[in-house]
Amino acid sequence: MNTDKAIDIILIDDHKLFREGVKRILEFEPSFRIVAEGDDGSMATKLVKEYNPNVVLMDINMPNMNGVQATAELIKHFPETKVIILSIHDDESYVTHALKTGAQGYLLKEMDSNSLVEAVKVVAEGGSYLHPKVTHNLVQEYRRLTKDNIAATLDSGVEYQRPLHILTKRECEVLQLLAEGKSNRAVAETLYISEKTVKNHVSNILQKMNVNDRTQAVVSAIRKGWVEVL
């Protein structure tokens with residue numbers, strides 16, 4: 001999808017004050033349109049059928065039907081639906097469950113406005129987006145599971161191939177910062193480059209590594225020993 005075109009959004013959250021705040025942020029973006037909103041997961045399927053949105057922003061904790069249950073129901077009837085879960089939970093089990101159900105994004109409610117806008121655009125284009133803190137937690141869990149294997153391989157004398165055979169030095173730096181859970185904005189500030197340049201580097205990294213999103217890139221990089229395992 002070309003994000004120059006309007007992105008139609010449905011917002012479902014039972015907290016009206018939070019919903020109004022999210023709407024206000026989204027309405028500042030010229031290409032975004034809030035076409036419908038609801039306060040319970042049970043409304044999701046009906047609203048999607050009626051408005052055919054590009055993205056659904058779904059609260060994870062709601063009465064009657066929570067966001068994960070609503071997402072499962074949506075994907076069952078509308079498999080192409082793109083859902084971003086909004087949550088206060090950064091625990092790996094919540095994130096994994098939501099993604100397995102079919103959500104393509106997971107944002108913590110402590111997100112800043114830039115993260116919200118970026119997530120909607122990325123998911124609308126068919127990508128996946130995780131809140132940097134969530135990515136960090138998933139990466140930490142993966143590190144715990146793989147650290148012993150990496151150490152064993154290094155002790156055996158087998159050398160990992162460094163990523164410079166496919167990535168530029170700058171792309172390697174960006175990849176390392178992604179592995180540390182940094183957002184595009186934080187990467188830009190760390191490397192003293194623009195966010196647009198960071199996005200270009202991330203796109204190049206995904207293409208060269210043949211992965212769909214930054215989380216897959218980080219997991220693959222850890223497996224190959226391309227980033228530091230702390």
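Just so it is clear, none of the values below were taken in a lab; they were calculated from the coordinates. Source: prediction; values computed, not measured. No Cβ is skipped: glycine too gets one built from the backbone with ideal geometry, and neighbour counts run over all protein chains shown.
On a full-extension model of 0.36 nm per residue, what is the gain between Lys46 and Tyr192, subtracting their alpha-carbon distance, rounded to one decimal in nm? Don't skip to the answer; put the middle values down first.
Numbers: separation 146, 0.36 × 146 = 52.56 nm, distance 4.60 nm.
Roughly 48.0 nm would be gained on extension.
Here the dipole of the chain is about 580 debye; that uses its Cα centre as origin and unit charges on the Cβ of Lys and Arg (positive) and Asp and Glu (negative). Taking Val120, Val198, Val218 as the candidate residues, the one with maximal mean-square fluctuation in a Gaussian network model of the chain, Cα springs under 10 Å, is Val198. Taking each of Lys46/Lys109; Lys100/Lys121; Lys23/Lys49; Lys100/Lys199; Lys109/Lys224; Lys16/Lys199 in turn, the alpha-carbon distance tops 29 angstrom for Lys109/Lys224; Lys16/Lys199. Taking Lys and Arg as +1 and Asp and Glu as -1, the other residues whose beta-carbon sits under 11 Å from that of Lys16 total -3.
Figure legend: label point modelled 7 angstrom from the Cα of Thr168 along Cα→Cβ; residues of the range 177-207 with amide N under 15 Å from it are 191-207.
Between Leu130 and Tyr106, the built amide H atoms are under 5 Å apart, and every one of these is 5 or more places off in sequence or on another chain. Of the chymotrypsin sites (Phe, Trp or Tyr not before Pro) found in the range 10-45, those in coil by DSSP whose Cβ has at most 12 other Cβ atoms within 10 Å are Phe28.
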